[in-house]
Amino acid sequence: MTETTLYTIIGLYAFSWLFQLFYHLYFMLKPALFVPEQKDIQKPVSVIICAKNEAENLKTFLPSVCQQKHQQFEVIVVNDCSTDDTEMVLAQLKTEFNNLYYTSIPLSKQHYQGKKLALTIGIKAANYEHLIFTDADCRPASKDWLTEISNQFNDEKQIVVGHGRYEKKKGFFNLFLRYETFFNTVQYMGFALRKKPFMAVGRNMAYTKSLFEKSDVFKHYLNIASGDDDLFMRRCATKQNTTIHTCYNSQTISVAPKNFNEWITRKSRHLTTAPLYKFGIKTWLITEAMTRQIFWILTLCSLFFPTFVPIAAGLFISRLLVLHIVLAKAANKMGENKLYWATILFDFITPVVIACVWFNNFISAKKKKWK
């Protein structure tokens, strides 16, 4: 190994370490320090849920949405071309909850319009300015969910990004699933607080009706089948109009994917919108993933050079310690208990898995073009 090559590797190792520390302290620590607004006045809100073949989930979870303690709210469910008993379930629940309203989109044999049409119909039907979105397979973490989320709206903040966690179950896969979701949430919330909002999840987000109508967002992305939450953020989120909420009472809990293949399918759909992120956002995210992998690889390689082992050990421990402290603070704030300890297991493999999913999307898109 030449002296130039050695210095290049050392420089790359030092840069990766410094970038990781900066990234964690600048972006990831921010949500842990966030203090939500507390107000006595409750805004009337419309909850919007799009449901396609969700009869069982609606029967299980919709009552917990309709029974929120919020003073004035309505729940609008759009039955999106379902072929199961969704409409029957909604009709039954309507007799139990006066604040529940629903409409149905008939199944078209020619084409399926996607979730954008269902969302647009639900928003147009809403009677209130402040809209809160979730999915049919979600339940609020508390009866104060609507109050907590809606309290973050003010004259400036028109978008509220919440945490949509997955239910806790036994098993290694469920641990990976919850950790990946938690890490992602801390990351995009940190970006939002640093005036760089780029992402939210439809399981738990909120925005104003006037912002949606002014942007006419979905007409710009009719050729994209999924990722409606990220597309909205891409078009409408600004440095000034976006905020977050982290506390447990503001969260939703979703049914977890049953297996790895189901999660891969969901992740693939979500990553279809990643190429549309702003250039600066993509640069930050790609650099973080690459420097994380470079740091791990060079740390492992240093084991073969005894001279560098003490230095590498110091850098590795300091980086892991900073990450653990940051995620521990965020986990305590968000009620995720000791989930941050899973960093030891998944810090290296998560970017690899995501990169594989993205590459598979890229190859699939190429094949479709060739056909």
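Table for the structure above
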quantity: Helical contribution to [θ] at 222 nm, DSSP H n ≥ 4, -39,500 (n - 2.57), averaged over the chain, rounded to 500; calculated: -16500 deg cm²/dmol
quantity: Note, ³J(HN,Hα) from phi for region 145-150, Karplus 6.51, -1.76, 1.60, rounded to Hz, x at Gly and Pro; calculated: 3, 5, 5, 4, 5, 5
quantity: Cβ-based net charge around Leu146, under 11 Å, with every Lys or Arg adding one and every Asp or Glu removing one; calculated: 0
quantity: Cα-projected label distance for Lys69 with Leu107, points at 7 Å along beta-carbon direction, nm; calculated: 4.2 nm
quantity: Other-chain or far-sequence residues with amide H under 5 Å of Val47's (modelled H); calculated: Glu74, Val75, Ile76, Ile132
quantity: For Thr273, distant residues with modelled amide H under 5 Å away; calculated: none
quantity: Efficiency of FRET between Ile317 and Ala289 - r from beta-carbon atoms, R0 25 angstrom, step 0.05; calculated: 0.70
quantity: Isotropically averaged projected area of region 35-259, using the convex hull of Cα atoms (one quarter of hull area), nm²; calculated: 12.4 nm²
quantity: Environment charge at Tyr166 (Cβ cut-off 14 Å; Lys +1, Arg +1, Asp -1, Glu -1); calculated: +4
quantity: Under the Karplus curve 6.51 cos²θ - 1.76 cosθ + 1.60, θ = phi - 60°, whole-Hz ³J(HN,Hα) for region 120-133, x wherever Gly or Pro sits; calculated: 4, 4, x, 5, 4, 7, 5, 8, 10, 6, 9, 10, 10, 10
quantity: Computed P(r) (all Cα pairs; region 266-306; 5 Å bins; percent); calculated: 5, 19, 16, 18, 14, 11, 8, 6, 3, 0
quantity: Partner lysines for Lys196 [C-alpha distance under 19 Å; skip if fewer than 8 residues away on the same chain]; calculated: Lys30, Lys157, Lys239, Lys278, Lys282
quantity: Radius of gyration and maximum dimension Dmax of region 261-371, Cα, Å; calculated: 17.5, 55
quantity: Under-5 Å amide H pairs with Tyr166, H placed in peptide plane, nonlocal only; calculated: Ser254
quantity: Diffusion constant of region 149-237 at 4 °C, which comes from Stokes-Einstein with the Kirkwood Cα-pair radius and 1.567 mPa s, µm²/s; calculated: 90 µm²/s
quantity: Net charge of neighbours whose Cβ lies under 12 Å from the Cβ of Ile76, counting Lys and Arg as +1 and Asp and Glu as -1; calculated: +2
quantity: Residue-wise HN-Hα coupling along region 153-170, computed from phi with Karplus coefficients 6.51, -1.76, 1.60 (Hz; x: Gly, Pro); calculated: 6, 8, 4, 9, 8, 10, 10, 10, 9, x, 9, x, 7, 9, 4, 8, 9, 6
quantity: C-alpha long axis of helix 260-271 to longest principal axis of the chain, angle in °; calculated: 90 degrees
quantity: Estimated FRET transfer efficiency (Asn98, Asp155; beta-carbon r; R0 35 Å; 0.05); calculated: 0.65
quantity: Three-way shape call for region 111-168 based on the alpha-carbon gyration tensor, with the a/c threshold at 1.5; calculated: oblate
quantity: Acute angle (nearest 10 degrees) that the helix 55-66 long axis makes with the longest principal axis of the chain, alpha-carbon atoms; calculated: 90 degrees
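Each value in this text was obtained by applying a stated rule to the coordinates, not by laboratory testing. For clarity, every value in this text was computed on a predicted model and none was experimentally measured. Virtual Cβ from ideal backbone geometry, glycine too; neighbours counted across all protein chains shown.
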